[in-house]
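Visitor: My questions will all concern the structure given below.
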Amino acid sequence: MIMTEILKVNPTAPEEEALNRGAAILRQGGLVAFPTETVYGLGASVYHQESVKRIFIAKGRPGDNPLIVHLYQWEQIAEIAAEIPERAVLLARHFWPGPLTLILPKKDSLPSEVSAGLPTVAIRVPAHPVALELLRRTQLPVAAPSANLSGRPSPTRGSHVVADLKGKIELILDAGPTGMGLESTVLDLTSVRPRILRPGGVTLEMLEAVLGAGEVEAPQFTKCDRPLAPGMKYRHYAPQAPLRLYTGDRDKINRYLLKIILRETGAGKKIGLLAFEEDRKDFPDLPGLSFFSLGERANPAEAAERLFNLLRLCDEVGVAAIYAVAPPRVGVGEAVFNRLWKASGGNVEEIK
Ligand code: TXA
Ligand code: MG
């Protein structure tokens, strides 16, 4: 067990003391959890190989799942990537700092622990004052996966990091809720056509607005697919209770779900329902039913911000099963759908 220091930080005007403390620990090879605009990251200097190994141990992360290198300005990319195609420059200028991770060929000087032995490396510049200032002060590229135990929902609150990693890392910078709530879009630039490996806040439409229509390959996530991002082969974002995702016509889903929920709560089971504000009227207050709102259906950004926190709440309430109504797959709704799909482990039912 390690004594984990927990510092509250102002998210918009981070305190000098906290930033300097974080930078000093990173430079000495310690592990620091910090907020980004997507989710909290668990950082270590890329040049401290033992520390990078400790990230995998602290998270219980499989050793073949590579980490994202975080930079504070895009010019640092030359320190990490062996080749920087024109497309990368364009995208970096457009979207950094921001929730876009680029996969590029890696430099030999970057320790292989970071990329889990792959010849490529994931890189991004996060758009959060605490992350940016911490990275600037550290003056080193920082490898950081999401700061959760492997398989658990990613942390969108400091309290989530405390719950998962207290006693395992040196410092947690707690700046409250992150903004976006879902991890960055991962875009592979080493394939012939740029390919989305993980959908996120920077959507296909936004990428094609910069690279040209039809230039980007959409994310795939069916059960039998060969995993493209190494992280895609694991059951992810999983609450303790099994989650079933329902797609199709909303009214039909709600009628169908109400029948199941009446039966199961009637038998004394606790059920968690993830649905939209508009769905609330379709479900009466029932003992045993916890309705978790993903916000307004037309506003997927709201669902993105809430999702991981709600999945953790389902665990806290101790529900026996979670039923989720699929979001419309437009804009960031695609990323919300992707995370729900992964949390379900492919347990998806289409209601016609
Ligand atoms: O928003 C985010 O991206 C957050 C914050 C902390 O920056 N980070 C994050 O890291 O989500 P992590 O480790 O939880 O997810 C990184 C994803 C994994 O699915 C991993 O397999 C993939 O990126 N990845 C990393 N390096 C890769 C590479 N060289 N090739 C393909 N996929 C890679
Ligand atoms: Mg993660």
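The values are calculated or read from the model by the stated rules, or taken from the named source; none is laboratory data. Being a predicted model, the structure only gives us computed values, none of them experimental. Here Cβ is always computed from backbone atoms with ideal geometry, including for glycine, and neighbour counts include all displayed protein chains. Areas reflect the complete protein model, heavy atoms only, side chains present, ligands, DNA and RNA absent. Shrake-Rupley method; radii C 1.70, N 1.55, O 1.52, S 1.80 Å.
Visitor: By how many nm would the segment from residue 320 to residue 27 lengthen if fully extended, with 0.36 nm per residue of separation less the alpha-carbon distance?
Guide: Length gained between residue 320 and residue 27: 101.1 nm.
Visitor: Continuing with this model, one more query. Quick check: the distance between the Cα centres of region 49-78 and region 262-327, to the nearest angstrom?
Guide: 34 Å
Visitor: Can you list the GluC sites (Glu not before Pro) in region 1-89 that are in a DSSP coil and have 16 or fewer other beta carbons within 10 angstrom?
Guide: For GluC sites (Glu not before Pro) across region 1-89 that sit outside H, G, I, E and B with at most 16 neighbouring Cβ atoms in 10 Å, the list reads 15, 83.
Visitor: Also, I was wondering about something else. What number comes out for accessible area per residue over region 243-351 if the probe is 1.4 Å? Units Å², please.
Guide: 41 Å²
Visitor: Here's another thing I want to ask about it. As I understand it, the value is the acute angle between the Cα axis of helix 333-343 and the longest principal axis of the Cα atoms of the chain; what does it come to in degrees, rounded to 10?
Guide: Computed tilt is about 80 degrees.
Visitor: First measure r as the distance between the Cβ atoms of residue 191 and residue 159, then evaluate 1/(1 + (r/R0)^6) with R0 = 25 Å and state the FRET efficiency to the nearest 0.05.
Guide: 0.05
Visitor: Using the alpha-carbon atoms, what tilt in degrees (0 to 90, nearest 10) does helix 129-138 show relative to the longest principal axis of the chain?
Guide: 30 degrees
Visitor: Just to confirm the filter: which GluC sites (Glu not before Pro) across region 240-306 are DSSP coil and have at most 15 other Cβ within 10 angstrom of their Cβ?
Guide: 296
Visitor: What is the percent carbon and sulfur in the accessible area of region 243-351, measuring with a 1.4 Å probe over the protein chains and ignoring ligands?
Guide: C and S fraction of accessible area: 51 percent.
Visitor: Between residue 107 and residue 53, what is the spin-label point distance in nm, taking each point 7 Å from the Cα along the Cα→C-beta axis?
Guide: Roughly 2.4 nm, to one decimal.
Visitor: For a quick check: with amide H placed at 1.01 Å from N, whose amide H comes under 5 Å from residue 321's, ignoring anything fewer than 5 positions away on the same chain?
Guide: Long-range HN contacts for residue 321: 272.
Visitor: Would you please name the GluC sites (Glu not before Pro) within region 166-217 that are DSSP coil residues with at most 15 other C-beta atoms within 10 Å of their C-beta?
Guide: Sparse-neighbourhood loop GluC sites (Glu not before Pro): 215.
Visitor: Whole percent per 5 Å bin, from 0 to the bin with the longest distance: what is P(r) over all C-alpha pairs of region 5-211?
Guide: Per 5 Å bin, starting at 0, the Cα pair percentages come out as 1, 8, 17, 22, 22, 16, 9, 4, 1, 0.
Visitor: What does the helix-only formula give at 222 nm for the chain: each DSSP H stretch with n ≥ 4 adding -39500 (n - 2.57), the total divided by the residues, and the result rounded to the nearest 500 deg cm²/dmol?
Guide: Calculated at 222 nm, the ellipticity per residue is -9000 deg cm²/dmol.
Visitor: Could you work out the pair-distance distribution P(r) of region 243-351 from its alpha-carbon pairs, with 5 angstrom bin width and percents rounded to whole numbers?
Guide: Histogram of Cα-Cα distances, whole percents per bin: 2, 13, 25, 27, 21, 9, 2, 0.
Visitor: Something else about it: Counting only protein heavy atoms, what percent of the accessible surface of region 131-177 is carbon or sulfur at a 1.4 Å probe?
Guide: Heavy-atom surface of region 131-177 belonging to carbon and sulfur, 1.4 Å probe: 51 percent.
Visitor: With every protein chain present, what is the per residue accessible area of region 5-211 (1.4 Å probe, Å²)?
Guide: 35 Å²
Visitor: Against the empirical 2.2 N^0.38 Å scaling, what ratio does the C-alpha Rg of region 1-67 come to?
Guide: In units of the globular-protein estimate, region 1-67 measures up at 1.17.
Visitor: Continuing with this model, one more query. To the nearest 10 degrees, how steeply does helix 250-266 sit against the main Cα axis of the chain, on a 0 to 90 scale?
Guide: It is inclined by approximately 80 degrees.
Visitor: Here is a further query. Can you list the residues, at least 5 places off or on another chain, whose amide H is less than 5 Å from the amide H of residue 116, using H built in the peptide plane?
Guide: Hits under the 5 Å cutoff: 67.
Visitor: Principal axes first, then extents: for the Cα atoms of the chain, list largest minus smallest coordinate on each axis, whole Å, largest first.
Guide: Cα extents, longest axis first: 59, 50, 35 Å.
Visitor: Note down the relative contact order for the chain as a percent, whole number, built from C-alpha pairs under 8 angstrom at least six residues apart.
Guide: About 19 percent, as a whole number.
Visitor: Gain in length, residue 209 to residue 82, computed as 0.36 nm per residue apart minus the alpha-carbon separation, to one decimal in nm?
Guide: Separation in residues times 0.36 nm, less the Cα-Cα distance, equals 43.1 nm.
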